[in-house]
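The values are calculated or read from the model by the stated rules, or taken from the named source; none is laboratory data. Only a predicted model underlies this, so the values are computations on that prediction, with no experimental measurement involved. Note that each Cβ is placed from the backbone with ideal geometry, even for glycine, and that neighbours are counted across all protein chains shown. In case anyone asks, the SASA skips ligands and DNA or RNA and just uses the protein heavy atoms, side chains included. Shrake-Rupley method; radii C 1.70, N 1.55, O 1.52, S 1.80 Å.
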Amino acid sequence: MWFLTCFRRGLVMFAVRVSVLCYLLCMSSGSVEEENPEFWRSSAQNTLRSALSRKLNSNVAKNIVLFLGDGMGVTTITAARILKGQLQNRSGEETVMNMDTFPFVGLAKVYTVDFQIPDSAATATAYLCGVKTNLNTVGVSAAARNGVCRSQKGNEVTSILKWAKDAGKSVGIVTTTRVQHATPAASYAHSASRTWYSDADLPTSAVTGGCMDIASQLLRNTDIDVIIGGGRKYMTPKGFPDPEYPTDLKAQGQRKDNRNLINEWLSMKEGKVARYVWNKTDFDAVDPEKTDYLMALFEPGDLRFDVERDPSMDPSISETTEKAIRILKKNPKGFFLLVEGGRIDQGHHDSRASMALHEAVALDDAVARGLELTNEEETLTIVTADHSHAFTFNGYPFRGNSILGKSPIFAMDLLPYTTLMYGNGPGHKITNNKRPDIRNVDTSKKLTFQCFTHCKRCCCECLFSFSLSLSADKDYVQQAAVPLDSETHGGEDVALFARGPMAHLFQGVYEQNYIAHAMAFAACVGTNQEHCAATAEPDKTPFTSIDPGSSAPNTPFGAMTTVMLSITMSVLLH
């Protein structure tokens, strides 16, 4: 047995040496210019000049746009950056996300009062309400107990969305989940349980205790100008047919109190132009210039993943962000908008990295749309996450290797593994004491071979190069170390990117609840009004950001390295 083990290890090390030798000979992963030290020196000097020309913007933030990637930890951002570049036929690593161009970056600590690793309800209460709380509770302090209705009375806390509304600003919510989900709920609701979506979800103790479901609070607590997401079934009576899926029993209304909250919302807006829509055709027909209020609910529950979205029925998060901003910006006093890429988190829980990363790319596209529609001199834009996931970026893949693909080096069990994996989740599958053999599983993309008439350099003399057609397996479940039905969150700090008025307040490492207070200070809403009295004249000097363009060219030869390695391993293992 020891001999066999040593022999196998020898094969693995031989394969590694062959792979590295071929890689060093080919040198095909990087561009020629990247081999020149002057390329990197020049790049660094450009970044330095950009940093030195940075001017602090101390204006009052007329507007605040908060982009929240649910579950978008740093690993997710890095992997999404590479995917975004590879979707544009680049190697990916050198890609610059829209959020990457923000001049100020900080780290937020995400633990809750009672747990090391948080959930979206407690974190949303922190960064929106400015108070850390307990797991699974929204819009209440840590004196409230999870699921205990009587404990929430007197412990309610308000959010920056309400502070902004009280200051005369317009406010809005855009999400890819149901609008009653944890993140948006913390902006307007107070609940001892994040799962009390409708009155049908309230336990008997909550009903007798007088607690109100989250959907009802959407109408009652704060006058929200724009509400976009999913969650139709929590707004209509039990058995009420869904307009899009009339025969689907799961899509029917759930309310036991026989209320139709959509109709109630419309009746509350008498004298104003209020629109309710549930499909893209009607959504596109909404004229922002002539609309005061908009409620758009595109699904009975959460919206579809972006890669599964029907563009004829449901708009993208970029489109919903644009509509929201165009409606809200008519207010001369400004606005506050929360935009949540909520299904990043759900993709990770399913251990489907492709789904999660495509959602993150879609959110970054929405960031670009938001920047186009606002003025940096008067709009504070923030991109952050509520928490991360047990998500790893590992192995030694070559430059330009598919981010959804496999490491070129096999493990000690002589089986391949993907570059992206999970610490726990549904991807843990052991059969006969072995993990799955994915040699014949397409985890990322299919190779198509195409001959070109030239080749700059190569480790063989065939003068062929290869092109890649990206056809990601969106449903592939990455392997995991620990078996769980649903992958868990991570507990490390999350990144926050900021630009615009008072963006420099978001540097360093801070508690997550600080975010709400810093946003409020920048906009002169809430209790701390010091910024209003001390505001200097607006600084009109534009900030010079890092050029988002990529200097690194496509690297088609990376495919050759991967193919050669696969052939080598096949020979060795068969």
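Observations on the structure shown:
- Taken together, the residues in segment 71-81 that are open to solvent by 10 Å² or more (accessible area, probe 1.4 Å) and either over 19 Å from Ala108 (Cβ atoms) or not in a helix (DSSP H, G or I) (or both) amount to 1.
- Qualifying residue in segment 251-268 (condition: part of a helix (DSSP H, G or I), touching a residue at least 24 places away in the same chain (Cβ under 8 Å), out of contact with any helix residue (DSSP H, G or I) (no Cβ under 6 Å at 6 or more places or on another chain) and within 29 Å of Leu87 (Cα to Cα)): no
- Residue check, Pro416 of a type outside the set (Asp, Glu), farther than 23 Å from Ser486 by Cα and open to solvent by less than 30 Å² (accessible area, probe 1.4 Å): yes
- From Ala182, Ala167, residue being surrounded by 24 or more Cβ atoms within 10 Å (Cβ to Cβ), in contact with a helix residue (DSSP H, G or I) (Cβ under 9 Å, 6 or more places away or on another chain) and aliphatic (A, V, I, L, M): Ala182
- Residue match in segment 187-201 (condition: among the basic types (Lys, Arg), out of contact with any Leu (no Cβ under 6 Å at 6 or more places or on another chain), in a loop (DSSP other than H, G, I, E, B) and touching a residue at least 60 places away in the same chain (Cβ under 8 Å)): yes
- Complete set of residues in segment 321-347 that are open to solvent by 10 Å² or more (accessible area, probe 1.4 Å) and either closer than 13 Å to Arg369 by Cα or of a type in the set (Lys, Arg) (or both): Glu322, Lys323, Arg326, Lys329, Lys330, Lys333, Arg343
- Any hit, segment 185-195, residues being surrounded by fewer than 24 Cβ atoms within 10 Å (Cβ to Cβ) and aliphatic (A, V, I, L, M): no
- Taking the listed residues Gly400, Gly370, Gly425, the one that is open to solvent by less than 30 Å² (accessible area, probe 1.4 Å) and within 26 Å of Thr222 (Cβ to Cβ) is Gly370, with no other qualifying.
- Filter result for Ala481 (hydrophobic (A, V, I, L, M, F, W, C), at pLDDT 90 or above and over 30 Å from Asn63 (Cα atoms)): yes
- Selection count where residues are open to solvent by 10 Å² or more (accessible area, probe 1.4 Å) and either more than 19 Å from Asp213 (Cα to Cα) or among the aromatic types (Phe, Trp, Tyr) (or both), scope segment 138-164: 3
- Test set (1) over 15 Å from Ser354 (Cα atoms); (2) surrounded by fewer than 21 Cβ atoms within 10 Å (Cβ to Cβ); (3) of a type outside the set (Asp, Glu); (4) modelled with pLDDT of 90 or more - Gly405 fails condition number: (1)
- Those residues of segment 182-196 which are of a type outside the set (A, V, I, L, M, F, W, C) and touching an Asp or Glu at 6+ places or on another chain (Cβ under 7 Å), in sequence order: Thr183, Pro184, His190, Thr195
- Residues within segment 109-137 that are crowded, with 24+ Cβ neighbours inside 10 Å and within 20 Å of the chain's Cα centre (by Cα), tallied: 11
- Positions within segment 86-108 being buried (at least 22 other Cβ atoms within 10 Å of the Cβ) and over 27 Å from Ala503 (Cα atoms), in sequence order: Gln86, Ser91, Gly92
- Any hit, segment 271-290, residues being in a helix (DSSP H, G or I), without any contact (Cβ under 8 Å) to a residue 24 or more places away in the chain and of a type in the set (Gly, Ala, Ser): yes
- Pairs where the first residue, in segment 502-523, is acidic (Asp, Glu) and the second is open to solvent by 10 Å² or more (accessible area, probe 1.4 Å), C-beta under 8 Å, 6+ apart: Glu511/Lys109; Glu511/Lys132
- For segment 226-248, a residue qualifies if it is in a loop (DSSP other than H, G, I, E, B) and either surrounded by fewer than 24 Cβ atoms within 10 Å (Cβ to Cβ) or of a type in the set (Val, Ile, Thr) (or both), and the qualifying residues are Thr236, Lys238, Gly239, Phe240, Pro241, Asp242, Pro243, Glu244, Tyr245, Pro246, Thr247, Asp248.
- Residue within segment 498-508 that is modelled with pLDDT of 95 or more, over 20 Å from Glu378 (Cβ atoms) and not basic (Lys, Arg) present: yes
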